[in-house]
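Inspection log for the structure reproduced underneath, given as structure tokens.
Please treat every number below as a calculation from the coordinates, not as lab data. Since the structure is predicted, the reported quantities are computational estimates derived from the model, not experimental observations. So basically every Cβ, Gly included, is an ideal-geometry build from the backbone, and we count neighbours across all protein chains shown.
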Amino acid sequence: MKKLKMGMIGGGLGSFIGAIHRNAALLDNCIDLVCGSFSSDFQNSLETGENLYLEKNRVYKTYDEMISKESSKSEDQRMDIVSIVTPNHLHYDPAIKSLDNGFPVIIDKPLTFDSNQAKKLVEKVNQTKLPFAVTHTYTGYPMIKEAKNIIKSGKLGTIRKVAVEYPQGWLTTSLENTDNKQASWRTDPSKSGKAGSMGDIGTHAANMVEYITGKKIIKLFAKVNTVVEGRLLEDDGNVLISLEDNIEGNLMTSQIATGEENDLKVRVWGELGGIEWKHSKPNTLIHKLNGKPNQILRAGVDNSYLSEFALSHCRTPSGHPEGFIEAFANIYRNFSYAVNNYKNSIEHDPIFDFPTVEDGYRGMKFIDAVIESSKSSKWINV
């Protein structure tokens, strides 16, 4: 195993998600940040690089320059992977160019600006065979791994129904009309794409359902709303979802749920029982049993009743909180394993899984179907 050298595109001073990605990437000592093009404002990039103790000549004006100059370096000096943490409309081009130059990519969600770009990116990944990860962060939590294992092992019996909700309240007012950069680009269709809340957090909710059940959403019926007057993209919505094997469910997202933070919640019911997980209590998974008391399962390296799948993603003893950074770090760590295995022609261990380009593409098709269904008031195939 080799410690990987990472280049970052986006994530300059003033960004929210860039620091999250960097902290997660460095947590397991599998990755070093060695270069970056952090902002379209070169002065911002230079200041970001200085704050991160990078060599000045490895802070680049553009991502084109970064990819070109890093490609020309010797293998022991150049970056090994590229992390892309830009707004949605700036995902596709640097991802394609990184892959064309032989660099595996880890990218923020949603995958691209639209599904046409996403399809081309899938084709490029299939052509190059390079590792590619999408940071659907919540799949990195140990108790989500345990939920997936419980369902896969048949402990819930035949799955009957799912429900997932992701309420936020941060866009309850016209925050985009202030100097808030996050609100500004996320509500701008020229940067965010055709969806607001459904693209930003709805893709997380849809990915969560498909990940833990192992079943794909095949069709949906949606109604989305723009609640805040003057907003250009929807900020609230409800979706009926039909999954494979006749599993029916509900999906809700809202960014105008006043007082809410980021309380993603998922529930799955089968003939023998159910599971429930909430982001506000990420170390707890409730396993509901028919005719018996609920079981409270807890994350922790010392909780030997957990599956190996979950334990391999735990970091601390029970009772010591693990959270968002650690879930993010699990994706970066697992991706780094995949890159090393690729370089050494070793088969990757599926226990160290991560969301792939195919998962990202499904997220884009989910967005398409939601917006089309809401406009037409019809069931739409995903």
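Quick one: go through region 142-174 and flag any residue whose amide nitrogen is under 14 Å from the point 7 Å out along the Cα-to-Cβ line of Thr316. Within reach of a label on Thr316: 142. Overall dimensions of region 192-238, expressed as equivalent-ellipsoid semi-axes from the Cα gyration tensor (√(5λ), whole Å, largest first), are 24, 11, 8.
Assuming R0 = 25 Å, can you tell me the calculated FRET efficiency for the pair Asp179 and Lys56, based on Cβ-Cβ distance, to the nearest 0.05? Efficiency at R0 = 25 Å is approximately 0.30. Compared with the alpha-carbon gap, the fully stretched path from Ser304 to Leu272 is longer by 9.2 nm at 0.36 nm per residue. From the alpha carbon centroid of region 255-312 to that of region 72-109 is 35 Å. Distance between the 7 Å Cα→Cβ label points at Glu75 and Ser153: 4.2 nm.
What whole-number distance in Å separates the alpha-carbon centres of region 161-203 and region 15-66? What the calculation gives is 25 Å, centre to centre. Springs join every pair of Cα atoms under 10 Å in this Gaussian network model of the chain, and among Lys219, Lys265, Lys56 the largest mean-square fluctuation is at Lys56.
So what is the 222 nm mean residue ellipticity for the chain from helices alone, if each DSSP H run of at least 4 adds -39500 (n - 2.57) and you divide by all residues, rounding to the nearest 500 deg cm²/dmol?
Values: 12 runs with 129 residues, N = 382.
So the helix-based figure for the chain works out to -10000 deg cm²/dmol.
Result for the chain in a Gaussian network model with C-alpha springs under 10 Å: among Ser197, Ser115, Ser15, the largest mean-square fluctuation is at Ser15.
Quick one: work out Rg over Rh on the C-alpha atoms of region 333-382, Rh as Kirkwood radius. Could the numbers behind the result be given before it?
On the way: Rg = 17.0 Å, Rh = 13.2 Å.
Over the Cα atoms of region 333-382, Rg/Rh equals 1.29.
Evaluate the Kirkwood expression for the hydrodynamic radius of region 199-317, namely the inverse of the mean inverse distance over all pairs of different C-alpha atoms, and round to one decimal in Å.
Working: mean 1/r = 0.0608 Å⁻¹.
It works out to 16.5 Å.
In summary, the convex hull built on the alpha carbon positions of the chain has an orientation-averaged projected area of 18.9 nm². Projecting the Cα atoms of Met252, Phe38, Ser184 onto the dipole axis of the chain, where Lys and Arg carry +1 and Asp and Glu carry -1 at the beta carbon, places Met252 farthest toward the positive end.
For region 156-212, compute Rg over Rh where Rg is the Cα radius of gyration and Rh is the Kirkwood radius from the inverse mean 1/r over Cα pairs. Numbers along the way, then the final one.
On the way: Rg = 15.1 Å, Rh = 13.3 Å.
Here Rg/Rh amounts to 1.14.
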